[in-house]
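Let me begin by presenting the structure, written as structure tokens, before commenting on it.
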Amino acid sequence: MEKLKNKNVNLKLSNIGENLEINYREIFEILPRKLRNILGNLQYSFLKDVEEIRLRVNKPLLINCHGEDYFLSENGWPTKMIHKIIMVNKDDIMTCFRLVTDYSAYALEEEIKNGFITIKGGHRVGICGKAIIENRKVRTIKDISALNIRISKEKIGCSEKVINYIINGPDSVFNTLIVSPPGCGKTTILRDIIRLISSGIRRYNFKGISVSIVDERSEIAGCYNGIPQKDIGIKTDVLDGCPKAEGMIMLIRSMSPRVIATDEIGRDEDIYALKEAMNAGVKFITTVHGDSIEDIKRKNISILIENKIFERVIILTNRPRVGTVKEVIDLKTNSILNEIPIDERREGHGT
């Protein structure tokens, strides 16, 4: 029987840098040996950009890289051809699930009923199977049929291209809304903004200020056993797994933050809590799904746009690549602050 976190496991990460090996060790430790060995033979140039590993019962092993899906051939090469490729069976799924839960699914029942488990390193494993309903709510998931391993990666410095539009003097920020379609890097850039305003920015003479995160889905800080796995700055507190509306009010009362950060705001109760927090003098940085200002004006968050409660809006796109800043808008003057789209790779921070 395979054991979790076996220090003697040969991860076969040849030709891979030390930092990548450490990052992927956490992923490889939850994979069945068969899949672990196959993935360990992947070339660095491919493996470093893998975003998801999907396991489905009696279906091909699927790897997502740069938004493209690949199968793995029997010799371990990425391919889009469905011919002599690696298949996943029920035993593979159950072995992986046992390793993810450290053979104690009951202890993680609260996470399982939400459909995902956060593991060491801040990576997230999505779960699909038979939902068990009790009092009209999901109590747990059994008969696991699919797992989606989402690899969490930090891009330190990716927000430097926009941080000067967000900070306001030496110790404050503008209320900022990041607008992005799914998969365009909004959480990644939000995390790095938090890191900078929390720790301080010497070149702008910006002092680090206290930030509190309501991390409802454990995606921003990637907490594992309550400890953030990502660099979110030295003056940042995290309320992990808490609904945003309740969390905002709790943090104002308990942690006295200068800034509250959340991800994917949108429910009516979120909007109400955000307005209450702003009335208390707290600044906000948050995100919402959308393609443009016009798009989000059709959602319930529009009241915050129309009343100009947000002062800055950052629009992200995946063209020419993920992480490109399409527009930075000053809502007070209705002006666009960046003359041309800011390409993350051109700015020197990578993708």
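The values are calculated or read from the model by the stated rules, or taken from the named source; none is laboratory data. Note that the structure is predicted; figures quoted are calculated from it, not measured. Glycine gets a Cβ as well: all are built from the backbone with ideal geometry, and neighbour counts include every protein chain shown.
What the table shows:
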quantity: Among the candidates ILE209, ILE201, residue that is in contact (Cβ under 8 Å) with a residue 40 or more places away in the chain and touching a helix residue (DSSP H, G or I) at 6+ places or on another chain (Cβ under 7 Å); calculated: ILE209
quantity: Subset tally (residues that are under 18 Å from LEU108 (Cα atoms) and not in a loop (DSSP other than H, G, I, E, B)) for the range 216-238; calculated: 2
quantity: Tally of residues being in a strand (DSSP E or B) and within 25 Å of GLY183 (Cβ to Cβ) across the range 49-105; calculated: 22
quantity: Filtered residue count, the range 33-48, keeping only those that are within 20 Å of the chain's Cα centre (by Cα) and outside any helix (DSSP H, G or I); calculated: 1
quantity: Candidates SER159, SER145, filtered to the one that is closer than 30 Å to GLY208 by Cα and among the hydroxyl-bearing types (Ser, Thr, Tyr); calculated: SER159
quantity: Given (1) outside any helix (DSSP H, G or I); (2) buried (at least 17 other Cβ atoms within 10 Å of the Cβ), index of the condition GLU111 fails; calculated: (1)
quantity: Search result, residues across the range 22-33 that are surrounded by 16 or more Cβ atoms within 10 Å (Cβ to Cβ), under 18 Å from GLU154 (Cβ atoms) and either without any contact (Cβ under 8 Å) to a residue 24 or more places away in the chain or of a type outside the set (A, V, I, L, M) (or both); calculated: ASN23, TYR24, ARG25, GLU26
quantity: All positions within the range 104-162 that are in contact with a His (Cβ under 7 Å, 6 or more places away or on another chain) and of a type in the set (Val, Ile, Thr); calculated: ILE149, ILE151
quantity: Any chance GLU154 is surrounded by 14 or more Cβ atoms within 10 Å (Cβ to Cβ), touching a Leu at 6+ places or on another chain (Cβ under 9 Å) and not basic (Lys, Arg); calculated: no
quantity: Residue satisfying all of: in the range 202-211; of a type outside the set (Lys, Arg) and farther than 13 Å from LYS235 by Cα; farthest from the chain's Cα centre (by Cα) among these; calculated: ASN205
quantity: Restricting the range 163-194 to residues that are surrounded by 19 or more Cβ atoms within 10 Å (Cβ to Cβ) and without any contact (Cβ under 8 Å) to a residue 40 or more places away in the chain, the residue that is farthest from the chain's Cα centre (by Cα); calculated: ILE167
quantity: Within the range 195-238, tally of residues that are over 20 Å from VAL173 (Cα atoms), among the basic types (Lys, Arg) and surrounded by 17 or more Cβ atoms within 10 Å (Cβ to Cβ); calculated: 1
quantity: Number of positions in the range 121-136 that are touching a Lys or Arg at 6+ places or on another chain (Cβ under 8 Å) and either among the basic types (Lys, Arg) or crowded, with 17+ Cβ neighbours inside 10 Å (or both); calculated: 6
quantity: The range 228-256 residues that are in the same structural domain as VAL282 (by TED's automatic domain parsing), paired with ones that are in a loop (DSSP other than H, G, I, E, B) and acidic (Asp, Glu) (beta carbon under 8 Å, 6 or more apart); calculated: LYS230/GLU154; ASP231/GLU154; GLY241/GLU216; CYS242/GLU216; PRO243/GLU216; LYS244/GLU216; GLY247/GLU216
quantity: Residues (touching a Lys or Arg at 6+ places or on another chain (Cβ under 9 Å), on the phi < 0 side of the Ramachandran plot and not in a helix (DSSP H, G or I)) located in the range 163-200; calculated: ASN168, PRO170, ASP171, SER172, VAL173, PHE174, ASN175, THR176, LEU177, ILE178, VAL179, SER180
quantity: Criterion (out of contact with any helix residue (DSSP H, G or I) (no Cβ under 9 Å at 6 or more places or on another chain) and either farther than 22 Å from CYS242 by Cα or modelled with pLDDT under 95 (or both)) met by exactly one of ILE86, ILE93, ILE156; calculated: ILE93
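Results for (1) outside the structural domain of LYS130 (by TED's automatic domain parsing); (2) surrounded by fewer than 16 Cβ atoms within 10 Å (Cβ to Cβ); (3) among the polar types (S, T, N, Q), shown as yes or no for each residue.
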residue	(1), (2), (3)
LEU35	no, no, no
ASN75	no, yes, yes
ASP91	no, yes, no
PHE116	no, no, no
